[in-house]
1. Within the set of other residues whose C-beta is less than 14 Å from the C-beta of residue 170, count the net charge using Lys and Arg as +1 and Asp and Glu as -1.
2. Calculate the spin-label point distance for residue 236 paired with residue 96, positioning each point 7 Å from the Cα along the beta-carbon direction, and give it in nanometres.
3. Considering only protein heavy atoms and a probe of 1.4 Å, how much of the accessible area of segment 60-215 is carbon and sulfur, as a whole percent?
4. For segment 155-161, just list the computed ³J(HN,Hα) in residue order, Karplus coefficients 6.51, -1.76 and 1.60, θ = phi - 60°, integers in Hz, with x standing in for Gly and Pro.
5. Compute the accessible area per residue over segment 78-220, keeping the other protein chains in place, probe 1.4 Å, unit Å².
6. Could you give me the ³J(HN,Hα) list for segment 104-110, computed from phi with Karplus coefficients 6.51, -1.76, 1.60 and θ = phi - 60°, whole Hz, x at Gly and Pro?
7. Can you list residues from other chains, or at least 5 along the same chain, whose modelled amide H is less than 5 Å from the amide H of residue 190?
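The values are calculated or read from the model by the stated rules, or taken from the named source; none is laboratory data. No experiment lies behind these values; they were computed from the predicted model shown. All Cβ positions, even for glycine, are placed from backbone atoms using ideal geometry, and neighbour counts span all protein chains on display. Side chains are part of the model used for accessible areas, which takes the heavy atoms of the whole protein and leaves out ligands, DNA and RNA. Shrake-Rupley method; radii C 1.70, N 1.55, O 1.52, S 1.80 Å.
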Amino acid sequence: MKGKKLVSIIGILAITVILNPIKSEAALQSNGGTNTTRNINGWITQIRQMQATGGTLGLTDTINETNLTSDNKNLDIHMQKNTEYGGMAILSASSYGNPDKIVDKGTTTGNATGVVMRLNKEWVAAGMSNTAATSMANAANRYKNKYEMSYEEKAGDAIATIGGWHGSTSTTWLSSGGDRVSTQIVHSCLLRAYGGSIFSYNGYGQSYDTFNGTFNWYDATKDKAWSSRAVVVVGSGI
């Protein structure tokens, strides 16, 4: 990919990044201990700001607060998309990954070289076109996966083909619940590692009961706090 490297998907917990100002080198994964949790708007915005002035890396980049873009062509740090989480999960089940089912705190390779996985629900930057998650709705398309209520597969998203893999007990697609008219603002986003397997997912968040005029809350509502991951891309002309 012409001067690009997808370095790794990194746990948010304690990230140390080693960057050479001339060459595209690497990022050091730090898998940490106790997860930090935020809502979907908090993650997608704050992860992008890691490369901004005063951010985790202490760089001099400026992030557009609306669409999350910047003028930096050599570094891109963003919240994991569903396709990026899915690609990692699929590779973990391949001949290059973990030969066994990944348990909580297990790794994608079965040894210390892999990415540590926690089976305690984590956000991915994925939602419907009419999502109520403002920061994700406004973000440039490169920072999110945009779906409709009727699922259409995206390459690498590990949704359509992985039902039941490794003991997955939850495969609930994005749903608004309640009044499912096309103009409804959808309060759900997508959680991964939801039910006993890294292949599980849940998108059933807030729903509106039109009969009683009330909102009902579920795990995948945009306002609930769960963990997430950052993806660091280093290269030339990204």
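1. In short, 0.
2. Label-label distance for residue 96 and residue 236, simple model: 2.4 nm.
3. Working: 3430 of 7060 Å².
Of all accessible area on segment 60-215, carbon and sulfur atoms account for 49 percent.
4. For segment 155-161, the Karplus curve yields 3, x, 7, 6, 10, 6, 9 Hz.
5. Working: 6280 Å² over 143 residues.
For segment 78-220, the per-residue accessible area is 44 Å².
6. Rounded to whole hertz, the list is 4, 6, x, 10, 5, 10, x.
7. 124, 126
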